[in-house]
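Please read the structure below before turning to the comments.
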């Protein structure tokens, strides 16, 4: 199949959309399908990741965003890249909806939408929302055509092969913490990483190994590096390629409620979860009701002392930590049919 993926990344948007599209692209490429990306040229864009993984990509340039212009520029790129009609266009973008999809659909047999907001109409053949919500089966009613196949919930989470390979090892966590991972996304626009590092100065953590991960686009990277250097037991990593391994080795994570939350749940990593974006709010709160994360709430409501209390609580309660790990793994159940199979079958 010939497939085009439309997604963006930047210092403000972060890397979540891109990373889950790369995970899907990995599966498609392994099945000998041709995958190309179209991305908007934005400050802090991580298109280098696309190129490093062997995909072709095209960038579209303009200053003021609007759907009509985006659709037309995407269509221009489709015409440049492909000589025949596409099999699939896959779009993962909060600012694109039925208006954009109606225009580009003329150049593709099928359209797949990746979303987690459920706040706008789509015209698509397949919709994926990999987040957990208490009312997940109701969220897209009247927002997609009746013929649209909906894949809802973490059972359909887009993960790279290294996550699946590590999950097969079936690591059982006993709740004792000797390794902590700190990751608030590649961008971490609120610099929560620094807030946590400053809080750690007041906690006896000398015997705990701590790994801090940031993306190269992070505007606070120098400050974070400096703070890490004040500890003998803290390792700093930028734009890692082994995130699955770091999650697997950790006993506790302190991180955001974005798409990386499902990577952690899949490998059973207990997490102190902080909400710093509106699209993270409801899914984080709903996941917390299942006991699969320890949710601190909105970052705007938190101070250093809140992180200190949460970390001390987890260090002192291994049985609770163990239970969170077990509940996190239960969030995922194997799907009856894979996304790859659906893309291949419904394209025929």
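Within the stretch 217-250, the set of residues being in a loop (DSSP other than H, G, I, E, B), more than 20 Å from residue 311 (Cβ to Cβ) and in contact (Cβ under 8 Å) with a residue 40 or more places away in the chain comprises 217, 218, 219, 239, 242. Exactly one of these conditions fails for residue 121: (1) without any contact (Cβ under 8 Å) to a residue 40 or more places away in the chain; (2) in contact with a helix residue (DSSP H, G or I) (Cβ under 8 Å, 6 or more places away or on another chain); (3) not assigned by TED's automatic domain parsing to the domain that holds residue 49. Give me its number. All conditions are met except number (3).
Kindly indicate whether residue 96 is closer than 28 Å to residue 285 by Cβ, buried (at least 19 other Cβ atoms within 10 Å of the Cβ), outside the structural domain of residue 278 (by TED's automatic domain parsing) and without any contact (Cβ under 8 Å) to a residue 60 or more places away in the chain. Against the criterion (closer than 28 Å to residue 285 by Cβ, buried (at least 19 other Cβ atoms within 10 Å of the Cβ), outside the structural domain of residue 278 (by TED's automatic domain parsing) and without any contact (Cβ under 8 Å) to a residue 60 or more places away in the chain), residue 96 does not qualify. Restricted to the stretch 291-339, and to residues that are in contact with a strand residue (DSSP E or B) (Cβ under 7 Å, 6 or more places away or on another chain) and assigned to a loop (DSSP other than H, G, I, E, B), which residue is surrounded by the most Cβ atoms within 10 Å (Cβ to Cβ)? My answer is 293.
One residue alone among 253, 265 is buried (at least 22 other Cβ atoms within 10 Å of the Cβ) and not in a helix (DSSP H, G or I), and that residue is 253.
For every residue, the table says whether it meets (1) crowded, with 21+ Cβ neighbours inside 10 Å; (2) in a loop (DSSP other than H, G, I, E, B); (3) not assigned by TED's automatic domain parsing to the domain that holds residue 62.
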{"position": "12", "(1), (2), (3)": "no, yes, no"}
{"position": "19", "(1), (2), (3)": "yes, no, no"}
{"position": "24", "(1), (2), (3)": "yes, no, no"}
{"position": "29", "(1), (2), (3)": "no, no, no"}
{"position": "32", "(1), (2), (3)": "no, yes, no"}
{"position": "35", "(1), (2), (3)": "yes, no, no"}
{"position": "39", "(1), (2), (3)": "yes, no, no"}
{"position": "44", "(1), (2), (3)": "no, yes, no"}
{"position": "48", "(1), (2), (3)": "no, no, no"}
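Just one of the listed residues (5, 60) is without any contact (Cβ under 8 Å) to a residue 40 or more places away in the chain and touching a helix residue (DSSP H, G or I) at 6+ places or on another chain (Cβ under 9 Å), namely 60.
The values are calculated or read from the model by the stated rules, or taken from the named source; none is laboratory data. Small disclaimer: the values here were computed from a predicted structure and weren't measured. Positions of Cβ are generated from backbone atoms using ideal geometry, with glycine treated the same way; all protein chains shown enter the neighbour counts.
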